[in-house]
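Note sheet for the following structure.
The values are calculated or read from the model by the stated rules, or taken from the named source; none is laboratory data. Model, not experiment: these values are computed from the prediction. Reconstructed Cβ throughout: ideal geometry from the backbone, glycine too, with neighbour counts over all protein chains shown.
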Amino acid sequence: MLVLMTSCTAEVFLPPLLRGITQLEGPERQVRVVAVMDSLEAAGQIPLIVGDTVYYLLRQEADRVTLAGDLNGWDPEQTPMRRLAGTDLWYQAFATEAEARLTYKYVIDGETWVPDPHNPRLDEVGEYDNSLLQMPDYVPPPEVAYYPDLPHGRLDTLPVDTQAWPQCRHLLVYTPPGYDRSAQAYPTAYFHDGLNQVKLAKMPNILDYLIDQGQIQPIIAVLIEPADRNRDYAFEGRFDFAALVAQEVVPWVDD
């Protein structure tokens, strides 16, 4: 659970090491901000985690900065940052579960989305890089890792000419370790977002692990690459895409 801290005193949203800064006047306030931020950044401590509180800190010349990410459904309007008067520091604080893993970006003046320039940890999502925050008790799921000693399935890229779509479609087809279509029938799972399921979701690693651990039976996985993601999944092409999967891809795989 994420809880936006509330208080009638804005200073509570600042980490303890910055709270006395409001007593400084003039240029001394900005000098102090630079020194503290440089120190935290060098130590890899931005965002700053103190107990169960995460302090998001950004130096940025702007009229308005908001925080968007997993913590608020990627809503660019829900979580405005606070500016420390007389400085270029923007800040906000959330109480956060100790085992959380979150990604986020800053939205500058309502238009420009940027990863946190003070945080080198990134979660690559397609062509986008989101800043990554991992709380102290976060444990990476074991099935996502690659284990060289496990039996591995095979991943093939196969072109499919379809009637429902003008472009040739590409399918990524995972077959499990020891696959032999003549010996048995395999259940099949279908996934959108094709290559992203391999690069980002690590689908082959997950399937290898779950099969090896006996958590699922050996399966075939068909990862369907979109021609135009927005058109396929959200807009006018979604009906053609549904027909493509149901009427052409599934029968083709079953054959």
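Does residue 180 fit the bill of being assigned to a helix (DSSP H, G or I) and among the charged types (D, E, K, R)?
no
Give me a count of the residues in region 51-89 that are among the hydroxyl-bearing types (Ser, Thr, Tyr), over 17 Å from residue 41 (Cβ atoms) and either outside the structural domain of residue 115 (by TED's automatic domain parsing) or assigned to a strand (DSSP E or B) (or both).
2
Does region 161-175 contain any residue that is assigned to a helix (DSSP H, G or I), of a type outside the set (Val, Ile, Thr) and not assigned by TED's automatic domain parsing to the domain that holds residue 46?
no
Would you check if residue 170 is surrounded by 13 or more Cβ atoms within 10 Å (Cβ to Cβ) and under 23 Å from the mean Cα position of the chain (by Cα)?
So residue 170 does not fit the description; no.
Identify all residues within region 233-246 that are of a type outside the set (Phe, Trp, Tyr) and modelled with pLDDT of 80 or more; write none if there are none.
Across region 233-246, the qualifying residues are 234, 238, 240, 242, 243, 244, 245, 246.
Tell me whether region 191-200 contains one or more residues that are surrounded by 13 or more Cβ atoms within 10 Å (Cβ to Cβ), part of a helix (DSSP H, G or I) and in contact with a helix residue (DSSP H, G or I) (Cβ under 7 Å, 6 or more places away or on another chain).
Yes, that holds for at least one residue.
Table: residues versus (1) out of contact with any Pro (no Cβ under 8 Å at 6 or more places or on another chain); (2) buried (at least 20 other Cβ atoms within 10 Å of the Cβ); (3) acidic (Asp, Glu).
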| position | (1), (2), (3) |
| --- | --- |
| 18 | yes, yes, no |
| 32 | yes, no, no |
| 39 | yes, no, no |
| 50 | no, no, no |
| 85 | yes, no, no |
| 94 | yes, yes, no |
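Give the number of residues within region 104-129 that are at pLDDT 95 or above and in a strand (DSSP E or B).
8
One line per residue, one yes/no per condition, for (1) free of Cβ contacts under 8 Å to residues at least 40 places away in the same chain; (2) closer than 22 Å to residue 128 by Cβ; (3) assigned by TED's automatic domain parsing to the domain that holds residue 124:
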residue: 204; (1), (2), (3): no, no, no
residue: 216; (1), (2), (3): yes, no, no
residue: 225; (1), (2), (3): no, yes, no
residue: 233; (1), (2), (3): no, yes, no
